[in-house]
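Quick note: the coordinates plus some simple rules give every number you see, no bench work behind them. For clarity, every value in this text was computed on a predicted model and none was experimentally measured. Every residue, glycine as well, gets a Cβ built from its backbone with ideal geometry; the counts of neighbours run over all protein chains shown.
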Amino acid sequence: MPVLVRPVRGRRDFRRFIDYAYERNAHDPHWIPPLRLSEHERLTPTKNPFFAHAEVELLLAWRGDDVAGRIAAIDDRLHNEVHRDNVAMFGFFEAADEDAAQALLAAAASSALANGRRFVRGPINPSLNESAGLLVDGFDTDPMVMMPHNPPEYADYIESAGYRKVKDLFAWLYDIEREVPPVVGRLALRVRDRERVTVRPLQLSEFAREVERMRAIYCGAWEHNWGFVPPTEDEFRRLATELKPIFDERCAVCADVDGAPVACAIAIPDINQALKGTNGRLFPSGVIRLLRRTRYIDQVRLLLVGVLPEYRTRGLYPLLLFELQRQVRGGGYRRAEFSWVLEDNRDVNQPAEQAGARCYKRYRIYQKALA
């Protein structure tokens, strides 16, 4: 039976778009179902400030009366204003088989052409500030919070459509219980004293102000990273608010120099350990299951380490990680994932490997030139 791709129209189609990911991955033991409410809000223009500078067309693949896949065709005006590379994105990709995948990817390319774009890049869901990349190595373990997971065959589907790798992203796994060499501790203390640095935890009691400070550091530190688009104030605030319920003050540190915040390292408890088995629903029994399991979370994802450019030569990076490991270990956590890291970011990848971390997952972003 032929595959037809149609835009999402109305609430029923919208629910089908969200639900299809749960149906497609139901039998994958390592796929962690995100909360359906969060997915609903992420794809609703009135709930997600990303839509203020982007158009997102949700598409469903149909085989008769059955959904056979989904994709989002994304045109991010802010990205193209920043990078001037005339690129469209695709994301939220799921497909039952090769035929559905090719139909969906062709539809996303047609949408990009209609918007005058020269390239299509993805998967990006919906921006690099949230979730990005296709898992191509490391299928035998669960993903950590806000990291994607997909069937291995998706890489073949995308490459068959003419896409080629544009960038790989690494995820490093580190044993928090690993002893830090004494010389590292002495170096960290020397940096703290020499540079007049105050290392402190983030304060939930000053949540709004801390969010503003972290955004300033994030944008300053990541400004020249490949593909980076500075999140708007509303975007950053939305993401911080969404993560606030699982935030642990022991999992984040900020470095102040002469009273001004100049660097930060932020990790979040891996709520995926608690979400497994909920099917993305909190009711009727999901809340109880979630509350019970949060007590057993023993790993974190380090999702942001940022040092303002003018302070990068002062040794703040190892100082932050030394203090963060000490605090996180005190919180009872055993493992940390540092993700994602650009494959060519030697300033991070080399020290991570030297510290004993293991690159255990690899994600790929693809790109295709349009005729």
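I'd like the distance separating the alpha-carbon centroids of segment 20-61 and segment 77-122, in whole Å. Here the two parts' Cα centres lie 16 Å apart. Helix 233-243 and the longest principal axis of the Cα set of the chain meet at an angle near 80°. The length gained on full extension between N345 and L4, counted as 0.36 nm times the residue separation minus their Cα-Cα distance, comes to 118.6 nm.
Taking the fewest neighbouring Cβ atoms within 10 Å as the starting point, the ordered list for R192, R346 is R346, R192.
Among V341, V229, V183, the largest mean-square fluctuation in a Gaussian network model of the chain (Cα springs under 10 Å) belongs to V183. Could you give the Stokes-Einstein D for segment 4-169 in µm² per second, using the C-alpha Kirkwood radius, 4 °C, 1.567 mPa s? Answer, rounded: 80 µm²/s. Exposure proxy for H40, H79, H27: other Cβ atoms within 10 Å of each Cβ, ordered fewest to most, give H27, H40, H79. Ordering G69, H30, V56 by Cα displacement along the dipole of segment 22-69 toward the positive end leaves H30 in first place; charges were set at the Cβ atoms of Lys, Arg (+1) and Asp, Glu (-1). Helix 207-222 and the longest principal axis of the Cα set of the chain meet at an angle near 80°.
Taking the average, over residues, of other Cβ atoms within 10 Å as the packing measure, peptides 250-256, 173-179, 48-54 rank 250-256, 48-54, 173-179 from highest down. The slack between Y296 and H224, meaning 0.36 nm per residue of separation minus the straight C-alpha distance, is 22.1 nm. Once you reduce segment 226-284 and segment 151-199 to the center of their Cα atoms, the two points are 17 Å from each other.
When both bridge partners sit in the chain, DSSP labels roughly 90% of those beta bridges antiparallel. Sorting H149, H224, H83 by the number of Cβ atoms found within 10 Å of their own Cβ, with the fewest placed first, yields H224, H83, H149. Rounded to the nearest 10 degrees, the inclination of helix 316-330 to the longest alpha-carbon principal axis of the chain is 90 degrees.
Any idea what the dipole of segment 57-100 comes to, in debye rounded to 20, about its Cα centre with Lys/Arg Cβ at +1 and Asp/Glu Cβ at -1? Could the numbers behind the result be given before it?
Values: 4 positive and 11 negative charges, 43 e Å.
Around 200 debye, computed over segment 57-100.
Using the Cβ-Cβ distance between R312 and E55 with R0 = 45 Å, the FRET efficiency computed as 1/(1 + (r/R0)^6) comes to roughly 0.80. Full extension of the chain between R11 and N86 yields a length gain of 23.8 nm, computed as 0.36 nm times the residue separation minus the alpha carbon distance.
Within segment 174-362, the ratio Rg/Rh, alpha carbon atoms throughout and Rh by Kirkwood, equals 0.97.
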